[in-house]
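The values are calculated or read from the model by the stated rules, or taken from the named source; none is laboratory data. Keep in mind that this is a model prediction, so the values were computed, not measured. Here the Cβ is made from the backbone with ideal geometry for all residues, glycine too, and neighbour counts use every protein chain on show. Accessible surface is based on the protein model in full, side chains and every heavy atom, while ligands, DNA and RNA are left aside. Shrake-Rupley method; radii C 1.70, N 1.55, O 1.52, S 1.80 Å.
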Amino acid sequence: MNFLVMGSGAREHIIGEKLSQSGATVFSIITNSNPGLISISEKTLPVNNFVNEQKKIIDFSVENRIDCVVIGPEDPLAHGFSDLFWKKGFPVVGPLRILAQIETSKGFTRDLLTKYNIDSSPLYKRFDSMGGVKEFIELLSENYVVKFDGLMGGKGVKVSGEHLDNIDEGLGYCKDIISRKGIFVIEEKLIGEEFSLMSFCDGKNLAHMPAIQDHKRAYDGDVGPNTGGMGCYSDSNHSLPFLNDTEISEAREINERVAQALFDHTGEPYRGILYGGFMATANGVKLIEYNARFGDPEAMNLLSLLKTDLASICNDIVEGNLTSVNFSNYASVCKYVVPKGYGSNPAKDATLIVDDSYSKYSDLYYAAVNLNKDGIITTTSSRAAAIVSTGKSIKEAEEKCETGLSFVSGKNLFTRHDIGKSELIQKRINHMESLR
Ligand code: AMP
Ligand code: GLY
């Protein structure tokens, strides 16, 4: 079968690799010359921007007799590429635009949960003017979060006490959104530990993946600006050290009910990956956000553990025949190498040098980098390469990941080394115990 992978980060590199290991032929649409994805692709179509190149992308798919499309990033989903491909006769793993609102609109998601009595939201309200904003923030005792209602690459959310030091700063951010003709949601600030649960979904059936924890803050100890994610870990029992079985069941049930609610609300089946971002709190599991795609870096951890072949999962998703999906009982740790200053002011001249000896300890997936004609790998303002290892325990995976990382060098690079280390995990366990 011929698969088309859209996107050219580390997530798409591993999706392409797993499809190719399933015996599929991989074609890819790339926005940077990712050396890993290029090396496993039969053919690539470089584009500057997906949205302006729709005709080229469809022509490429026709020419190469694509049987199935896998859309990696949120942007093409938000712009209706799934709708476009289905209309042209190409089955797609990745939801239609109306369903991708689960990621693109915070207000849509909160209202969907309310309409279908899925009681997992904090107190919230949508606003398109300043009317009632101050009163609502006061009602929440100034423990609140302001969320721009649209895609902002993780930068539209500001949390009181973290990004907003006082009520005037909160009101200032709301005014700023209004002056840009935006709308926003204000909600109660949840206290707890974050985790994610992704599920393959064919519109009716779900197959859940192991729970996983990302690290959004740029620096060790969870400080610094928010990023796309610096690294993740998952455990061999498919739960996380700070979660109990009830919390895992709650998260799975929320994903199942949301998939059903999406169908009931739109009449369309959600075919793709449903990514629930949750907070385990003293009052059970609450929803923070949904993504309409594989997480990045989560995909590197979980696809490394996947035992069922990815091409057949994709076929089952588009045909509505999804059954069970198996993951090995290993732990995983993934850490990103990024340009120094990533998240605020990334170094413009960072380069990446990879010594292939890493492969004895880990896998490496290239992200937003470019392989130049002279063989030098240059970085962009985003993440550069993901190093991922598996092991019988998180500790074993973490140590292998660090050894793998020691074979990656270059100018002006940075990695968050505390991810998956026992000190940080113990901090999360203690936090949850004190809340429970
Ligand atoms: P989002 O884009 O919705 O994932 O938000 C980005 C980050 O903001 C999340 O990963 C959380 O750390 C934080 N956040 C979002 N909503 C809340 C909330 N209601 N309470 C506490 N933190 C939140
Ligand atoms: N790692 C979080 C995301 O993919 O949105």
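Apart from one condition, residue 258 fits all of (1) buried (at least 18 other Cβ atoms within 10 Å of the Cβ); (2) assigned to a strand (DSSP E or B); the exception is (2). When we screen 204, 216 for residues that are among the basic types (Lys, Arg), more than 13 Å from ligand 2 (Cβ to nearest atom) and either open to solvent by 40 Å² or more (accessible area, probe 1.4 Å) or in contact with a strand residue (DSSP E or B) (Cβ under 6 Å, 6 or more places away or on another chain) (or both), the only hit is 204. Select from the range 117-157 the residues that are under 17 Å from residue 174 (Cβ atoms), touching a residue at least 24 places away in the same chain (Cβ under 8 Å), assigned to a loop (DSSP other than H, G, I, E, B) and more than 16 Å from ligand 2 (Cβ to nearest atom) and list them in ascending order. Correct list: 123, 128, 129, 130, 140, 142, 143, 149. Confirm whether residue 328 is within 16 Å of ligand 2 (Cβ to nearest atom), among the polar types (S, T, N, Q), in contact (Cβ under 8 Å) with a residue 12 or more places away in the chain and open to solvent by 10 Å² or more (accessible area, probe 1.4 Å). For residue 328, the condition - within 16 Å of ligand 2 (Cβ to nearest atom), among the polar types (S, T, N, Q), in contact (Cβ under 8 Å) with a residue 12 or more places away in the chain and open to solvent by 10 Å² or more (accessible area, probe 1.4 Å) - is not met.
Any idea which of 138, 187, 162 is touching a helix residue (DSSP H, G or I) at 6+ places or on another chain (Cβ under 9 Å) and open to solvent by 60 Å² or more (accessible area, probe 1.4 Å)? It would help to see each step written out before you state the result.
On the way: 187 fails: open to solvent by 60 Å² or more (accessible area, probe 1.4 Å); 162 fails: touching a helix residue (DSSP H, G or I) at 6+ places or on another chain (Cβ under 9 Å).
None of the others qualify; the one that does is 138.
Within the range 380-396, track down each residue that is β-branched (Val, Ile, Thr), over 18 Å from the mean Cα position of the chain (by Cα) and closer than 19 Å to residue 14 by Cα. Once the filter is applied, which keeps residues that are β-branched (Val, Ile, Thr), over 18 Å from the mean Cα position of the chain (by Cα) and closer than 19 Å to residue 14 by Cα, the range 380-396 yields only 390. Enumerate the pairs (first residue in the range 406-433 and closer than 22 Å to residue 228 by Cα and part of a helix (DSSP H, G or I); second residue anywhere and among the acidic types (Asp, Glu) and modelled with pLDDT of 95 or more) with beta-carbon separation below 8 Å, excluding pairs fewer than 6 apart on the same chain, so at least 6 apart or on different chains. Every condition considered, the pairs that remain are 424/418; 428/193.
Can you work out which of the residues in the range 262-272 that are surrounded by fewer than 24 Cβ atoms within 10 Å (Cβ to Cβ) and not charged (D, E, K, R) is farthest from ligand 2 (Cβ to nearest atom)? Steps first, answer last, please.
Of the range 262-272, the ones surrounded by fewer than 24 Cβ atoms within 10 Å (Cβ to Cβ) are 263-269.
Checking the rest, the ones that are also not charged (D, E, K, R) come to 263, 265-267, 269.
Values: 263: 23, 265: 23, 266: 22, 267: 27, 269: 23 Å.
Among those residues, the one meeting the criterion is 267.
Yes/no matrix, rows are residues, columns are (1) near ligand 1 (Cβ under 10 Å from one of its atoms); (2) polar (S, T, N, Q); (3) within 22 Å of the chain's Cα centre (by Cα):
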| site | (1), (2), (3) |
| --- | --- |
| 142 | no, no, no |
| 165 | no, no, no |
| 170 | no, no, no |
| 181 | no, no, no |
| 194 | yes, no, yes |
| 208 | no, no, yes |
| 214 | yes, no, yes |
| 219 | no, no, yes |
| 238 | no, no, yes |
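Taking every residue in the range 290-301 that is over 14 Å from residue 74 (Cα atoms) and more than 7 Å from ligand 2 (Cβ to nearest atom) and pairing it with any residue that is outside any helix (DSSP H, G or I) and among the β-branched types (Val, Ile, Thr), at least 6 positions away or on another chain, the pairs with Cβ-Cβ distances below 8 Å are 300/388; 301/212; 301/333; 301/388.
Scanning the range 344-363 for residues that are over 20 Å from residue 304 (Cβ atoms) and surrounded by fewer than 17 Cβ atoms within 10 Å (Cβ to Cβ) gives 344, 345, 348, 349, 353, 355. The single residue among 192, 150, 156 that is of a type outside the set (Lys, Arg) and either at pLDDT 90 or above or open to solvent by 50 Å² or more (accessible area, probe 1.4 Å) (or both) turns out to be 192. Number of residues in the range 263-298 that are within 24 Å of residue 429 (Cα to Cα) and hydrophobic (A, V, I, L, M, F, W, C) equals 7.
Would you check if there is a residue in the range 364-376 being open to solvent by 70 Å² or more (accessible area, probe 1.4 Å), more than 24 Å from the chain's Cα centre (by Cα) and touching a residue at least 40 places away in the same chain (Cβ under 8 Å)?
Here is the first cut: in the range 364-376, the residues open to solvent by 70 Å² or more (accessible area, probe 1.4 Å) are 371, 373-374, 376.
Adding the requirement that they be more than 24 Å from the chain's Cα centre (by Cα) leaves 371, 373-374, 376.
Then drop every residue that is not touching a residue at least 40 places away in the same chain (Cβ under 8 Å), which leaves 371.
Among the residues of the range 364-376, at least one is open to solvent by 70 Å² or more (accessible area, probe 1.4 Å), more than 24 Å from the chain's Cα centre (by Cα) and touching a residue at least 40 places away in the same chain (Cβ under 8 Å), which makes the answer yes.
Scanning the range 79-126 for residues that are hydrophobic (A, V, I, L, M, F, W, C) and over 18 Å from residue 275 (Cα atoms), which turns out nearest to ligand 1 (Cβ to nearest atom)? Reasoning before the result, please.
Looking only at the range 79-126, we keep the residues that are hydrophobic (A, V, I, L, M, F, W, C), and these are 81, 84-86, 90, 92-93, 96, 98-100, 102, 108, 112-113, 118, 123.
So of that shortlist, the ones also over 18 Å from residue 275 (Cα atoms) come out as 81, 84-86, 90, 123.
Numbers: 81: 22, 84: 26, 85: 27, 86: 28, 90: 30, 123: 9 Å.
For the range 79-126, the residue satisfying everything is 123.
If only one of 102, 14, 58 is out of contact with any Cys (no Cβ under 6 Å at 6 or more places or on another chain), open to solvent by less than 10 Å² (accessible area, probe 1.4 Å), more than 25 Å from residue 334 (Cα to Cα) and of a type outside the set (S, T, N, Q), which one is it?
On the way: 14 fails: more than 25 Å from residue 334 (Cα to Cα); 58 fails: open to solvent by less than 10 Å² (accessible area, probe 1.4 Å).
Every option except 102 fails the conditions.
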